[in-house]
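Report on the following structure.
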Amino acid sequence: MAERFLILGRAGSGKTTFVLEKFYRYIKASATEKVIFLLPTHSQAEHLKDVIIRKGPVSGFVDNGIFTFSQLAREVLEHRLPGRVVSELEKESLLKNLLEENSPEFFKESWKYQGLRHALLRFFKELKEDSLYPSDFRARVDLFAGKGGLNAPAVKEKYQALADVYSGFQQALECERFCDEDDVLNAALRRLEGDGAVLRGKETLLVDGFHSFTPVEFRMLKLLIQRIPNAYISLVLDPKSSDSPIFQSCREVYEQLSMLGFKEVLLTGSGRFSSSKTLTHVEKHLFTKDSHAASAEINDDLEIMEAANLEDEVGQMARSIYRMTSEGLARFSDVGVILRDVTSHYELIEATFAKYGIPVRLYVKRPLIESPLVQTIMTVAQIFTTHWKDGEHVRKVLKSPYIKSPCNGLGLPKEEIDQLEREALKRGFMTGSESWTKLIQGGPWPGAKGFLEKLTELEKDLSKPKPASAFRRWFYLLIDECIILPGATDASNKDLVKKEAQALRTFLSVIDSLVRIMGDKPVTFSHFMEELCYAASSSSYALKDRRHDVVNVIDALEARQWELPIVFVGGLLERQFPRQVSENLFLKDRERRRLKDLTGIKLKELLRNTAEEERFLFYIALTRASKRLILSYPAMDSRGNLNVPSFFLREVKRLFSPEGFKNVSVKRTPSDLIPDVKNVLTQKDLRNFVCYHLNAPYRKDGDKEMRHILARSVYNNLRTDDPMLVEDLKAAMGTPDMGDMGVHREALKEIFPLYKATQFRDFAQCPFLHFSRYILRLKALESLAEEGLNPARQGEIIHEVLMRYYKNKEKDIAETFKGVFAGKTRGIRIGLNELRIKEEMLQSLTELVENDRRYEALMPLRPGYLEESFGERGIPPLVIHDDKLGTIRIKGRIDRIDVADIDGERVGLILDYKYTKGGLTRGRLKEIEEEGVDLQLPIYLMAARECLGVRPIGAQLYQLRPPERSGILESRVKRLCPSLPERGSFFMEKEDIEAFIKHSKGHILRHVNGILSGDKGVSPRDTQNCEEGKCEFLDVCRFEKWSVGRKGEEKDE
């Protein structure tokens, strides 16, 4: 028996669940080809498919049966469309050409404006949605005139002009065998009307998510209802609340469907809000006239936030999500953000959420021209349209990470481009390609030279007018030979690569559209570029995102099928949500009513319909949350002017008592942009907090201590070389003299329960360097400014690769490196410079392994200890006793010890990796022995024997670029391995090594005594290390380095 039910109910009553249960039956029976499940938009259809895949009754669901009207139309037509479906760009181009050749007098002055052409296309779409084609529209216009609707001459001219342009536009489409989406829908409607056998095999029709239909959609729906035995259509509507303005946008559809003999099923449950009385109250009483609504209690399930500005609003959303997910209160997929217009906010949301590590999926089309890859391609082309006269275009292209070097197929090296740019600036204004050709000749920039030479070759093909298809081939050649997607093979860059690849596909499709539009007529490259710039600026692209655990950002129009525990509804300002209502450019609402009365043309009255739809969408947005709802708006715009909150918020406020509403309202001011202690979540928060309070008046108690702590915190989080901030830091720290720190020796002992092996090197170089790094614990300004693959991270990767390779006895160093590099650089954007560093690191590691194999053939030692720590991980520290200083404990980590059993004794050779240049020279060895400038190797010698039980027979620095060893070796090593290379090795007898260690112990005691005495004097041992780029704390050094001696210069002499 046929079933036809109208599923009615308020939001959250289970309508979609009801319809889905019907669909699940067909999934279980593997019979989805017998059902039609209609949804309003493509993104809603994709979301529902995702829900079914994750929560449906069976795995491996094939998405048969789910359609939008557009997709169903293709099914009805069996994909035999009335023509090639044209893009919006092609439609506008056709209209532009039509008006340029033969514009009616009424549009003579205005047709050149893009806005007017868009308005005309929207009007034609509205007519086609009512199946009114040019002949029908002209007949209705004549009928309108005959009944006195066109009394004024200007009105008559307008209607005639609209009819003429509409007729010419449709003829242009049909002449080219083109059609648009509305033509496809109307063709499907005609086939349904003319062929009763179409879709006869279908058993069930399911319709969900609609609150209105266009006339052509409703006619198709009526035919489907007549043809398919079972039909279930859901509507958000409560028949008992007939006076509620929420449901006015659905009421007309409800009345039309009721006349088709549907039985009504009213769902009265509120399962979605069962855990929240507050959200249940909002859903039940929003936009009602219930005088008792304000008596309800309110809890923190609802929050209304007035943010300081738009950036603060989005930032507070991100911070709330970060806190909830990090504390385990929610997953990312539990959270949604609903906006009336995602397009105007998506960049800010994407950037802000990324700062907090929040994965986000945005249902939005992105402007094509904003793609960095597309911008690079367009800028390359503009070099030729400006005849190389705009040097900024050339420099911008050379700096782009998307430019391919002809030398190696990778990007252009940054250092090379920087040198070339400096040279170009020295030469002044660059005019023409000859200037650039002369510049690159003989310079140390092979990559840039090859690229610019390639451009001059490509320019030769642009000298004469050609068909647009020839310029399409030229662009394909340009992209193939000059463009690269940086980091395309790196997993950490997959999102960026995916985005740019989609932008490139769209860009190429835009060029294809232009070729079809422009035909075979020869045009100049400049003319083609004008059209391409216009087309690209009018085009957009969307990304497919199949991730599950993400925060979804949704347009209110798309929110009907969504149900989420936590929902943010943002941008609640007048003219934004609700949108500003404006009448149609051509036909005002008054004219639309007269047309309907006199001719039967049913065009929407925009003022009334838009207001009803905005209320309905606000209701839908608020009812997507099942546990927590946060409403927000920015108090000020970007200029500091006050915004007007949405009057919809007044409707929410009316639902609660003034005191209750106040308790859930948060009002933020510009001063709140500095978070308080409990809201510090990120390093930026901490820096802002400290900088703000450093400049605030101090309390009298503990003033000096507070200044010291805050100044240190400022510096630790400082990411700028602003000289004013540096001066403020010096003032905040005070002006200490060369005397004692005023800190007790015992307090310093507490700071250093364990000394680091590298710590004594810094103290020997300069006590102030040691004071800054180990007592104040300042972080280097330069290292904080570095991002990405900095030297410290490179060192981590090198050490990890070698440890894994030798510990696990892996066969291929390249595979080991690949795995470690991917893990250590996760989250880092890999550009051209990083790719170059990556190749250098792999080459160094490969050469090191080969070098080790040569040593293994000469020595019996093999890697035994790798990244071995002492003073932690259960290994005791190195202990030195002194009568005055007490017990000194030292910790450290030895990169590698090669070991062997020789003459019944476990011996080892210590190796310390150095990724930077510099080995152990005879002069350096003398400085270690006499002055204790770098005690790392002697400390490792002692630790190997006393902490690890290995008798050391030597210690070497192992330089990686190129691989080369240098250090001290016991003389018997030479006797055991006569073929061992002597370069860089200093052979010593066992007694001499013991003496070397004894001297080093004395230096350790001397350094410890200096540290505990509070020595922080600026007395660098080598002033050459006090130059820019060598000393990390030069910007806070408070003395003239040249006034304390010039050991470095004397040494050079």
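All of the numbers you see were taken from the coordinates with simple rules; none came from a lab. Keep in mind it's a predicted model, so treat the numbers as computed, not measured. Heads up, the Cβs are rebuilt from the backbone with ideal geometry, glycines too, and the neighbour counts pull from every protein chain shown.
Within the chain, antiparallel bridges make up roughly 35 percent of the DSSP beta bridges whose residues both belong there. Among the GluC sites (Glu not before Pro) found in region 169-220, those both in a DSSP coil and sparsely packed, with 14 or fewer other Cβ atoms within 10 Å of their Cβ, are Glu203. What you get for region 368-540, charging only the Cβ of Lys and Arg (+1) and of Asp and Glu (-1), is a dipole of about 120 debye around the Cα centre.
Using the scaling law 2.2 N^0.38 Å as the reference, what is the normalised Cα Rg of the chain? Before the final figure, lay out the partial values.
Working: Rg = 37.5 Å, N = 1053, 2.2 N^0.38 = 31.0 Å.
Output field value: 1.21.
Across region 499-533, the residues whose backbone nitrogen lies under 14 Å from the label position 7 Å along the beta-carbon direction of Lys464 are 522-525. Neighbours of Ala536, meaning other residues whose beta-carbon lies under 15 angstrom from its beta-carbon, give a summed charge of -4 when Lys and Arg score +1 and Asp and Glu score -1. Could you work out the relative contact order of region 87-179, using alpha carbon pairs under 8 angstrom and six or more residues apart, expressed as a whole percent? So the answer I get is 37 percent. Report, ordered by chain and residue number, the aspartates and glutamates lying within cross-link reach of Lys438, taken as a straight Cα distance under 15 Å and ignoring same-chain residues fewer than 8 apart. Of all the aspartates and glutamates, those that pass the test against Lys438 - Cα under 15 Å, at least 8 places apart if same chain - are Glu421, Glu423, Glu453. The simple spin-label model puts a point 7 Å past each Cα toward its Cβ; for Asp520 and Lys990 those points are separated by 9.6 nm. The simple Förster model, with R0 at 51 Å and r as the Cβ-Cβ distance, assigns Glu75 and Ala857 a FRET efficiency of 0.10. Rg/Rh for region 74-158 to two decimals, with Rh computed the Kirkwood way over all alpha-carbon pairs. Rounded to two decimals, Rg over Rh is 1.04.
Taking Cα atoms only, the orientation of helix 813-824 departs from the longest principal axis of the chain by about 60 degrees.
Inter-label distance, Lys627 to Ala197: 5.5 nm, where each label sits 7 Å from its Cα along the C-beta direction. Beyond 23 Å in Cα-Cα separation lie the following of the pairs Lys289/Lys653; Lys15/Lys263; Lys22/Lys604; Lys108/Lys602: Lys22/Lys604; Lys108/Lys602.
Relative contact order of the chain: 12 percent, from C-alpha pairs under 8 Å at least 6 residues apart in sequence.
Close amide H partners of Met988, meaning residues 5 or more places away or on another chain with modelled amide H under 5 Å apart, are Leu969, Glu970, Ser971. Residues Phe18, Phe618, arranged from fewest to most other Cβ atoms within 10 angstrom of their Cβ, appear as Phe18, Phe618.
If you take every residue apart from Ser869 with its C-beta less than 12 Å away from the C-beta of Ser869, what net charge results, scoring Lys and Arg +1 and Asp and Glu -1?
Details: positive: Lys756, Arg873, Lys891, Arg893; negative: Glu867, Glu868, Glu872, Asp895.
Local net charge: 0.
With everything on Cα atoms, drop me the angle between helix 723-733 and the longest principal axis of the chain, reported from 0 to 90° to the nearest 10. The helix 723-733 is inclined about 60 degrees to the chain. Based on C-alpha pairs under 8 angstrom that are at least 6 apart in sequence, region 368-540 has a relative contact order of 31 percent. Once you've got the Cα coordinates, tell me which of Lys355/Lys1016; Lys96/Lys222; Lys125/Lys499; Lys128/Lys365; Lys91/Lys202 are over 29 Å apart. Long pairs (Cα-Cα over 29 Å): Lys355/Lys1016; Lys96/Lys222; Lys125/Lys499; Lys91/Lys202.
Under the convention that each Lys and Arg Cβ holds +1 and each Asp and Glu Cβ holds -1, the size of the dipole of the chain around its Cα centre is about 1960 debye. Rounded to the nearest 500, the 222 nm mean residue ellipticity of the chain from helices alone is -15000 deg cm²/dmol, with -39,500 (n - 2.57) taken per DSSP H run of at least 4 residues. When Ser632, Ser1013, Ser469 are arranged by Cβ crowding within 10 Å, least crowded first, meaning fewest neighbours, the order is Ser1013, Ser469, Ser632.
The simple Förster model, with R0 at 51 Å and r as the Cβ-Cβ distance, assigns Lys125 and Asp390 a FRET efficiency of 0.80. Residues Val907, Val849, Val265 in ascending order of nearby Cβ atoms (within 10 Å, fewest first): Val265, Val849, Val907. Taking chymotrypsin sites (Phe, Trp or Tyr not before Pro) across region 634-674, none is in a DSSP loop with at most 16 further Cβ atoms lying within 10 angstrom of its Cβ. Shape of region 752-879 from its Cα gyration tensor (a ≥ b ≥ c, root eigenvalues): rounded if a/c is under 1.5, otherwise prolate when a/b > b/c, or oblate? Taking the square roots of the gyration eigenvalues as a ≥ b ≥ c, region 752-879 is oblate.
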